[in-house]
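> Have a look at this one.
The values are calculated or read from the model by the stated rules, or taken from the named source; none is laboratory data. Note that the structure is a prediction, hence the values are computed from the model and not measured. Cβ atoms come from the backbone with ideal geometry, glycine included; neighbour counts cover every protein chain shown.
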Amino acid sequence: MTEITQKETWRDKVVTPGEVLEKIQPGMSIFLSTGMAEPRTLVRHLMASDASNLQDLEMIQLVSLGDTVSIDARYTHKYRLKTFFSGWIAADAITEGRVDLIPSRFSRVPWLFKSGAIRVDAAFIQISPPDANGYACLGVGMDVARQAMERATLRVGEISEDVPFVLGDTLVRIEDFDYLVHSTEPMIYIEPWPLEDVFARIGKNIASVVPDGSCISFALGPIYQGAAQALTRKKNLGIHSPFITDALMCLVKSGAVTNRFKTLFRGKSVGSYAMGTRALMKWLDRNPLIEFQPLDVITDPKNIGQNDNFIAILPARKADLTGDIALHVGKGNVTAGPGAVQELFMGATISKNGRTLFALPSRNRGGEPNIVLSTADYPFQFTNRESLDMIVTEYGVAYLTGRTVRERAQALIDIAHPDDRAELVRQAKAARILYADQIYLPESGHLYPDKIARSHTFKKNGLKVRFRAIKPSDEDEMRRLFYRFSDQAVYYRYFSPIKTMPHGKMQEYVNVDYRRVMSIVAVLAEAAGERIIAEARYVRRDDLRTYADTAFIVDEAYQNYGIATYLFKMLIEIAQSKGIEGFTADVLVANKAMMKVYEKAPFPVKATISAGTYELHIPFDTASAPAPETAGDPWSIK
């Protein structure tokens, strides 16, 4: 068939919106393509028409953005909206009984249409202008449009010049439509949320647990904008996501995304929807890096799980001290319903080395805590605490895998808002989640030096270590570190043959008053969280102004990597910023390894020996450093 014949064929199907509406009969079920793919011209004419045949209709839309499909009570005689997700603006209308909710998992929805469980009489589908071969693109709402067309007896395509021609399973033959209309309405565009500091900080914490080569999912909202900004320094990320957004576009354009290590759709970022700005639509047009697939392909946990290292990044409304989650409701919430979350969660569980994390600010916009004792009174429960890996706020990451309820509570209190932590400790004690004698220093939350956190890769075996200040929730990991030491290592550190490190003693050690003490731990990222392999600290002397005593301990399996030296340099840097004038230390003469660390100090070291112990004096100001008594003094180290 020639190009001219093709054009004549599809132009013969072009009618006015009014002519389409004349074909509608009372009681019909009409499917509308979703989100930015909404056929706005057809819907606006339906809203405005007073025709007697447009009565008692069912409008079916997976997610309603509420732009043209009004859920106002005035239209209840004309139609009733059915939707699969209570997010965006439909939540209140569902509660009030004006909109019907169909609970379902993402991947199950196409089957509901294909099987006829959801009746469809007419399908209004937004499409791109047809090409010379008589094909159009289903555009940026690939959910179940094809399945709805297959079930409908009246199929109408709304041709929009704004629709990008996206690649993937997106082609539809013009001959499959009964009628075509030209769109006179612009596409719906969604501007990004302003990126507030709290979400930028959350994004950095998310990025800290996403290794290079991971495959991730995305959706709308400031959580994802913060994550995308922080993930731009990663390498070889993959994208398997229901949603393609502006934030995701920026991440791909940064070069962090290559999809090189994906198993399914290798080399492609895949999604079912696009939601964003005009710039996003222009970028998607015939972009070979992006592929759109139906909802059942993208959200099937078996497909998700084919990609190794899949990390499900999910927004939460509340998290409680046991790891239970309350999900979001209301505007902007598209993917946070229990059924939708379950798909991504299950896919990550199936994936080799897959992880799941829920992210949320420590407080909501009303200043109320988001980390709470219990989420039992909140709607949209997601109670899969047995499989949940991590919860992230702007104050850090709580690792939950393999932890007891008590350990989880400590970890979650550590990432709650500092002003909420003392009350959470009180509540947890009353509920017998924490020990009755649990120590908590109320001021520690505000004093916690989160900005000192950093990572370093050591030359030996390419060991990557993260350094951060110690937290109360490190109690059990520090105990485990203690029991890995040999008797000699314990004696070198504590100057006595300590055999046990019970809760009472260790909790005093990890609850730090950062006005007097700085404690830094070195941690390795592991499948179940973090493993502490070293700790260094200084403690200000009694005058609180001049000098501080120092001590180090390194897991014997990780000695000779340079970890103690790195910790020493960090302590010096922090001490100088706090106005400390120098360090002191006591080192057993037999502890040659520790002496070598102090020898590397960038300042003169004065050492005297007493009862088999070096007493070290390290002033930071070289001009005031004590001079050795003789040039050949064996205890003067520089």
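> Just checking, which of 201, 146, 151 is of a type in the set (D, E, K, R) and at pLDDT 95 or above? Don't jump to the end; show me each part of the working.
On the way: 146 fails: at pLDDT 95 or above; 151 fails: at pLDDT 95 or above.
When all the criteria are applied, what remains is 201.
> Could you count how many residues in the range 500-525 are more than 21 Å from residue 447 (Cβ to Cβ) and assigned to a loop (DSSP other than H, G, I, E, B)?
Total meeting the criteria: 3.
> Please tell me if residue 466 is outside any helix (DSSP H, G or I) and surrounded by fewer than 20 Cβ atoms within 10 Å (Cβ to Cβ). Can you show your working first?
Details: outside any helix (DSSP H, G or I): yes; surrounded by fewer than 20 Cβ atoms within 10 Å (Cβ to Cβ): yes.
In short, yes.
> Whether any residue in the range 539-550 is under 17 Å from residue 453 (Cβ atoms), buried (at least 18 other Cβ atoms within 10 Å of the Cβ) and of a type outside the set (D, E, K, R) is what I want to check. Quick ask: steps written out before the conclusion?
Step one: filter the range 539-550 for residues under 17 Å from residue 453 (Cβ atoms), giving none.
The answer is no; no qualifying residue exists.
> Among the residues of the range 409-450, write down those that are in the same structural domain as residue 316 (by TED's automatic domain parsing), under 16 Å from residue 470 (Cα atoms) and among the polar types (S, T, N, Q).
410
> In addition: Among the residues of the range 206-262 satisfying the criterion of being surrounded by fewer than 18 Cβ atoms within 10 Å (Cβ to Cβ) and among the charged types (D, E, K, R), which is nearest to residue 63 (Cα to Cα)?
In this case the residue turns out to be 253.
To keep it simple, each residue is scored yes or no on (1) of a type in the set (S, T, N, Q); (2) at pLDDT 90 or above; (3) under 30 Å from residue 211 (Cβ atoms); (4) over 33 Å from the mean Cα position of the chain (by Cα).
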{"position": "526", "(1), (2), (3), (4)": "no, no, yes, no"}
{"position": "535", "(1), (2), (3), (4)": "no, yes, yes, no"}
{"position": "541", "(1), (2), (3), (4)": "no, no, no, yes"}
{"position": "546", "(1), (2), (3), (4)": "yes, no, no, yes"}
{"position": "567", "(1), (2), (3), (4)": "no, yes, yes, no"}
{"position": "573", "(1), (2), (3), (4)": "no, yes, yes, no"}
{"position": "576", "(1), (2), (3), (4)": "yes, yes, no, yes"}
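> Something else now. Could you tell me which of the residues 588, 567 is surrounded by fewer than 18 Cβ atoms within 10 Å (Cβ to Cβ) and more than 16 Å from residue 620 (Cβ to Cβ)?
Sole residue among the options that is surrounded by fewer than 18 Cβ atoms within 10 Å (Cβ to Cβ) and more than 16 Å from residue 620 (Cβ to Cβ): 588.
> Of 431, 411, which residue is in contact with a Leu (Cβ under 8 Å, 6 or more places away or on another chain), surrounded by fewer than 19 Cβ atoms within 10 Å (Cβ to Cβ) and small (Gly, Ala, Ser)? Write out each step before concluding.
On the way: 411 fails: surrounded by fewer than 19 Cβ atoms within 10 Å (Cβ to Cβ).
The unique qualifying residue is 431.
> Regarding the range 223-241, can at least one residue be identified that is assigned to a loop (DSSP other than H, G, I, E, B) and aromatic (Phe, Trp, Tyr)? If you could, list the steps in order and put the result at the bottom.
Residues of the range 223-241 that are assigned to a loop (DSSP other than H, G, I, E, B), as a first pass: 234-236, 241.
Checking which are aromatic (Phe, Trp, Tyr) leaves us with none.
No, the range 223-241 has no match at all.
> With 161, 150, 175, 191 as the choices, which residue is part of a loop (DSSP other than H, G, I, E, B) and either over 34 Å from the mean Cα position of the chain (by Cα) or under 30 Å from residue 309 (Cβ atoms) (or both)? Lay out the reasoning, then the answer.
Numbers: 150 fails: part of a loop (DSSP other than H, G, I, E, B); 175 fails: part of a loop (DSSP other than H, G, I, E, B); 191 fails: either over 34 Å from the mean Cα position of the chain (by Cα) or under 30 Å from residue 309 (Cβ atoms) (or both).
Result: 161 is the single residue among 161, 150, 175, 191 that is part of a loop (DSSP other than H, G, I, E, B) and either over 34 Å from the mean Cα position of the chain (by Cα) or under 30 Å from residue 309 (Cβ atoms) (or both).
> So which residues in the range 526-568 are in a strand (DSSP E or B) and at positive phi, if there are any at all?
Matches in the range 526-568: 529 only.
> If you don't mind, another one. Among the numbered conditions (1) crowded, with 23+ Cβ neighbours inside 10 Å; (2) closer than 21 Å to residue 171 by Cα, tell me where residue 321 comes up short.
(2) is the only condition that residue 321 fails.
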